[in-house]
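As structure tokens, the structure follows; a few thoughts come after it.
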Amino acid sequence: MHNVKVGLVSLGCPKNKVDAEVMLKRVVDAGYVFEQELEKCDAVIINTCGFIKSAKEEAIEEIFNIVNLKEEGKVKKILVTGCFSKRYPEELFKDIKEVDAVLGITQYNEIEKYLDRLFKEEKRILDTNTDINIISSANRISTTSPHRSDIKIAEGCSNCCTYCAIPSIRGVYRSRSEDSILDEASKMIKNGVKEITLIAQDTTRYGEDLKETNLNILLEKVAQLDNDVWIRFLYGYPEMITKELVNTISKLDNICNYIDMPLQHINDTILKKMNRRSDRELIEMKYRMIKAINPDIALRTTFITGFPGETEMHFDELYQFIQDYPFNHMGAFSFSPEEGTPAHDMIDQVEIEIADERRDKLMKKQMDISKGLLEKNIGTIQKALLEDFSIDGYIGRTQHMTTDIDGIIKIKDNNDLIPGEFYHCKITDCTHYDLIGEVT
């Protein structure tokens, strides 16, 4: 198979990207040639997301983009994997006959075998059975910047929020072994990675099924591998953010002062309908606790507008909350009714136009909140990880910013700086979401 060129498209979240990187490693190890230009490929693997409507639309669009290449004679085989194909396998297999293999969310672990079968003239394959014992391993090829990488510490989810299809797609929560995570982190550090992000559907539940570890213990052990490597985690639930965890973040210098805590709403009635495990009183208590222990911790959250039954009064409560309890970073999304979830069939569905208006109003207010918080950094010296070059200098991030979803620091400097290295920058100005600085 040494002359067979394989391309890979990964859609959706960082967790999906990790699965895609495992596939890439297996494909290359099996003797296939990885080709980045899709029109030059013999086969293309599309690792899809199927979480919300926009993700499904993106998956369909990408599939048809590759179908067009196949019809032009440029691609011979199309394999679709991931959440979208796991959710709609029969429909995809039946309706898009140009797709040669419809696979699920654990088939990445044997992706080379499916390629072998297809190139041995097996006509089409449908296999979306889930092996719950499979969780992404350390054997993968990074597709992100060489100086940062994600580690998936668990698979699946057992929270069963009423708007979310993830438990039905990826199964119950399963933690990876601590040793396998530490081994992966060690390999990354040896390869020059300067920032490691621990990810899962709910990182704060890590270890509940192992009984011998937890996120707090894991964070300490990963951080102690190298004091010069930044460590952070994403997707932490408020009820699981403990004083012990915040103290660990605060006492170890290379654990970023950053907590990602998706809240989804603040009104108790809506939170209960969402089947969230926290209420407003607990959320406010956790916020105050974090800031009391370490005021320097930057907080990120997400909210859903237009959830079934959300009234103007419920939204006004949320709108006021983000002003009373400001977050450094915030994302807002209009409710997307997903088939197979309880929220899909709830009464009192909110018109999408209203949900969008509320989302936009929330994000407009967040612009002002973000700028107000960023302005407090002007005149300070901040350590930054240099990411890349820009038109008038460089782009970097402080420990208070995670990649892709938060703002950046624009570094105005004519010197030869090195991406992947840390620099100390004096903050001179800011925009609504970004800092502006210069290397000291």
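The values are calculated or read from the model by the stated rules, or taken from the named source; none is laboratory data. The structure displayed is predicted, hence computed values, not measured ones. In this analysis, Cβ positions are derived from the backbone assuming ideal geometry, glycine residues included, and neighbour counts consider all displayed protein chains. For accessibility, only protein heavy atoms count, side chains too; no ligands or nucleic acids. Shrake-Rupley method; radii C 1.70, N 1.55, O 1.52, S 1.80 Å.
Which percent, to the nearest 5, of DSSP beta bridges fully inside the chain are antiparallel?
Details: 21 of 62 bridges.
Beta bridges within the chain, antiparallel portion: roughly 35 percent.
Taking loop as defined by DSSP and a crowding limit of 14 other beta carbons within 10 Å, which GluC sites (Glu not before Pro) in the stretch 367-440 fit?
Details: sites: GLU375, GLU387, GLU421, GLU438; in loops: GLU421.
The qualifying sites are GLU421.
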Check your understanding: What area, in nm² and to one decimal, does the C-alpha convex hull of the stretch 231-284 cast on average over all directions?
Key -> 3.8 nm²
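Using 1/(1 + (r/R0)^6) with R0 = 56 angstrom and r between the beta carbons of MET313 and LYS412, what's the FRET efficiency to the nearest 0.05?
Numbers: r = 46 Å, r/R0 = 0.83.
Working from the Cβ atoms, E equals 0.75.
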Point to revise | Label-point separation in nm, GLU220 to ILE60, each point 7 Å along Cα→Cβ | key: 5.0 nm
Study note, to complete from the structure: Of LEU218, LEU210, LEU362, the most mobile residue in a GNM of the chain (C-alpha springs, cutoff 10 Å) is LEU210
Check your understanding: To the nearest Å, what is the center-to-center distance of the stretch 118-146 and the stretch 368-409, using C-alpha atoms only?
Key -> 36 Å
Revision key, fill the gap. Taking a straight Cα-to-Cα line shorter than 18 Å from LYS53, and setting aside same-chain lysines fewer than 8 residues away, one finds LYS86
Review point. Nearest 0.05, what FRET efficiency do THR269 and THR242 give at R0 = 25 Å with Cβ-Cβ as r?
Key: 0.40
Check your understanding: Cα centroid distance between the stretch 267-333 and the stretch 1-43, in Å?
Key -> 39 Å
Check your understanding: Between GLU438 and ILE96, what is the FRET efficiency for a Förster distance of 41 Å, r being their Cβ-Cβ separation, to the nearest 0.05?
Key -> 0.20
Study note, to complete from the structure: Measure of exposure for CYS49: accessible area at 1.4 Å probe, Å² rounded to 10, is 20 Å²
**Study point:** Across the chain: Cys residues that no other cysteine approaches within a C-beta distance under 4.7 Å
**Key:** CYS13, CYS41, CYS49, CYS83, CYS157, CYS160, CYS256, CYS425, CYS430
**Study point:** For ALA298, residues with placed amide H under 5 Å, excluding near neighbours
**Key:** TYR258, ILE259
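Please list the helices of the chain that count as membrane-span-like by this rule: a mean Kyte-Doolittle hydropathy of at least -1.0 together with Cα atoms stretching 30 Å or more along the helix axis, each helix being a complete DSSP H run.
Details: long enough: 352-375 (34 Å, -0.83).
Those that clear 30 Å and a mean of -1.0 are 352-375.
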